[in-house]
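For reference, the structure discussed in these notes is given below.
The numbers here are math on the coordinates, done by the rules we state, and not lab data. This is a predicted model, so every value here is computed, not measured. Neighbour counts run over all protein chains shown; Cβ positions are idealised from the backbone, glycine included.
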Amino acid sequence: MPLTGIEIFKLLPKTNCKECGDPTCLAFAMKLAAGKAELTLCPYVSDEVKARLSEAAAPPIRVVTIGVGDRALKIGGETVMFRHEKRFENPPGFAILVSDTMDEAEVDGRLQRFKQLEYERVGLTLRPELVAVKSESGDASKFAALVSRVQQNSDGGIILMSDSPDVLAAGLKACADRKPLIYAATEDNLGPVADLAKEHSCPVAAKASGLEELSQLTAKLTEAGVNDIVLDSGSRSVRQAFDDQVIIRSSALAKKFRPLGFPTIVFPCEMTDDPMKEAVIASMFVAKYGGVIVLSDFQGHSLFPLLVERLNIYTDPQRPLATTEGIYEIGSPDESSPVLVTSNFSLTYFIVSGEIENSKVPSYLLVKDTEGLSVMTAWAAGKFVADAIAPFVKKCGIGDKVKHHKLVIPGYAAAESGGLEEELSGWEILVGPREGSHIPAYLKRWKP
Ligand code: SF4
């Protein structure tokens, strides 16, 4: 049984030294009990107390890793139901399905799409993570051959899908070093699949029909020494699968119900035959609360929105993405090139730099540190005003790079033009467009 906040408090040093970031040991104990803090934040607990608190201090939803190296996918570890309470921790992985009854061209096409569909956005690479390899033939050697093919042609994580321990063992023989997710342990094959998971130190999915059966199954797996578990409630109707996700998350967080304290796997690919509907269902599980989301295929027009949605949901709302302050050269500018200034909110930077690129007019873009705020918000907060922009322009060295000394400020900061002319003597301040999309037309009229 997890400990209460008061029980945990009794075991803490009670010095209220604040080093954990909380004002008192009691406040820290309450957070620990709620799964919203980690015991390692207090440097003064003894090893003996650490051992006693390990149960209470463990995240209510276990972190499970699928795969190895740079492409390893970490799921679980969530501590809240809603993103406004605290950020979500580990984004779900997207998996593409291949099966041993598909012809070679189909498998190759899917593996190619898995590799090729990746996108750059706000300085990050967005891509899917997993290939789910399914045995539909029941033939162990055919399955092993397909797993080898997947392993050779993709560097992503692998999910091995079969009910048969023999087929799973054949797949594991081909790719155990990639630490695949074994899918799935059921009531019927529990013992042999648990043995495979332990032998190869791989995570295992538990599949049952309904949450009660599922919690009994995970309890048995845990007893058998398997701790890295992913949950499949078995529901394949959208409504029931959605309900299951919510119940699993709330049981783990609110009730500290350990048998459901694991990340989940969901199968939009088995809920509809319509690819667009499948993408919509997948988008629901990105928000509520899929750990691995298995799709029948990847197409750019449906995968890209899912990747962007995932990025948005799993970005910390309290910490805007920010770009480093400095001078950014776009398209080999020279001493006659335009100089524009903007804020360091990443989305602003990528929109403005993208529009400058579109204009084909080589330019200098000055990015002022506004603590990740957009131009208007930073202006309203006093972080993108003449007193702040002028020292940055002087200090950054742009004056040595151009001979014209004209500075284009965003239209939304037009009110600062007078102040900047006073602060930046020798500079002419030009008010640029309000909208990024108007930048190309503006720059095409540029005269140094
Ligand atoms: Fe108490 Fe430890 Fe936090 Fe200090 S760091 S206030 S001793 S819980």
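Which members of the range 387-405 meet the condition of being surrounded by 15 or more Cβ atoms within 10 Å (Cβ to Cβ) and of a type in the set (D, E, K, R)? Scanning the range 387-405 gives a single hit, 401. Could you tell me whether any residue of the range 79-89 is on the phi < 0 side of the Ramachandran plot and part of a helix (DSSP H, G or I)? For the range 79-89, residues on the phi < 0 side of the Ramachandran plot and part of a helix (DSSP H, G or I): absent.
Contact map, the range 161-176: residues that are over 16 Å from residue 149 (Cβ atoms) paired with residues that are in a helix (DSSP H, G or I) and of a type in the set (Val, Ile, Thr), Cβ distance under 8 Å, separation 6+ or inter-chain. Pairs shown: 165/193; 168/193. Please tell me if residue 279 is farther than 23 Å from residue 87 by Cα and either in contact with a helix residue (DSSP H, G or I) (Cβ under 8 Å, 6 or more places away or on another chain) or among the aliphatic types (A, V, I, L, M) (or both). Considered against the rule, which asks whether it is farther than 23 Å from residue 87 by Cα and either in contact with a helix residue (DSSP H, G or I) (Cβ under 8 Å, 6 or more places away or on another chain) or among the aliphatic types (A, V, I, L, M) (or both), residue 279 comes out as yes.
Do you know which residues across the range 111-143 are in a helix (DSSP H, G or I) and either aromatic (Phe, Trp, Tyr) or under 22 Å from residue 230 (Cβ atoms) (or both)?
Residues satisfying the conditions are 114, 143.
Taken over the range 39-79, residues that are of a type in the set (A, V, I, L, M), buried (at least 17 other Cβ atoms within 10 Å of the Cβ) and under 29 Å from residue 279 (Cα atoms) amount to 5. Note on the range 1-20: among residues that are assigned to a helix (DSSP H, G or I) and of a type outside the set (Asp, Glu), the one that is farthest from the ligand (Cβ to nearest atom) is 6. Keeping to the range 21-56, report how many residues are assigned to a loop (DSSP other than H, G, I, E, B), over 26 Å from the mean Cα position of the chain (by Cα) and within 11 Å of the ligand (Cβ to nearest atom). Within the range 21-56, residues that are assigned to a loop (DSSP other than H, G, I, E, B), over 26 Å from the mean Cα position of the chain (by Cα) and within 11 Å of the ligand (Cβ to nearest atom) number 7.
Under 21 Å from residue 427 (Cα atoms), of a type outside the set (Gly, Ala, Ser) and touching a helix residue (DSSP H, G or I) at 6+ places or on another chain (Cβ under 9 Å): does that describe residue 327?
Values: under 21 Å from residue 427 (Cα atoms): yes; of a type outside the set (Gly, Ala, Ser): yes; touching a helix residue (DSSP H, G or I) at 6+ places or on another chain (Cβ under 9 Å): yes.
Yes; evaluated as a whole, the condition is true for this residue.
The C-beta contact set for the range 16-38 (first residue under 15 Å from residue 3 (Cβ atoms), second residue near the ligand (Cβ under 8 Å from one of its atoms), distance under 6 angstrom, 6+ apart or interchain) comprises 25/12; 25/14; 25/16; 28/20; 28/22; 29/12. None of 194, 224 is surrounded by 22 or more Cβ atoms within 10 Å (Cβ to Cβ) and touching a helix residue (DSSP H, G or I) at 6+ places or on another chain (Cβ under 9 Å) except 194. At least 1 residues being more than 21 Å from residue 324 (Cα to Cα) and without any contact (Cβ under 8 Å) to a residue 40 or more places away in the chain is the threshold, and among the strands (runs of 3 or more DSSP E) wholly inside the range 357-448 those reaching it are 428-431. Residue-level check: of (1) in contact with a Cys (Cβ under 9 Å, 6 or more places away or on another chain); (2) among the small types (Gly, Ala, Ser); (3) more than 23 Å from residue 279 (Cα to Cα); (4) surrounded by 16 or more Cβ atoms within 10 Å (Cβ to Cβ), residue 148 misses just (4).
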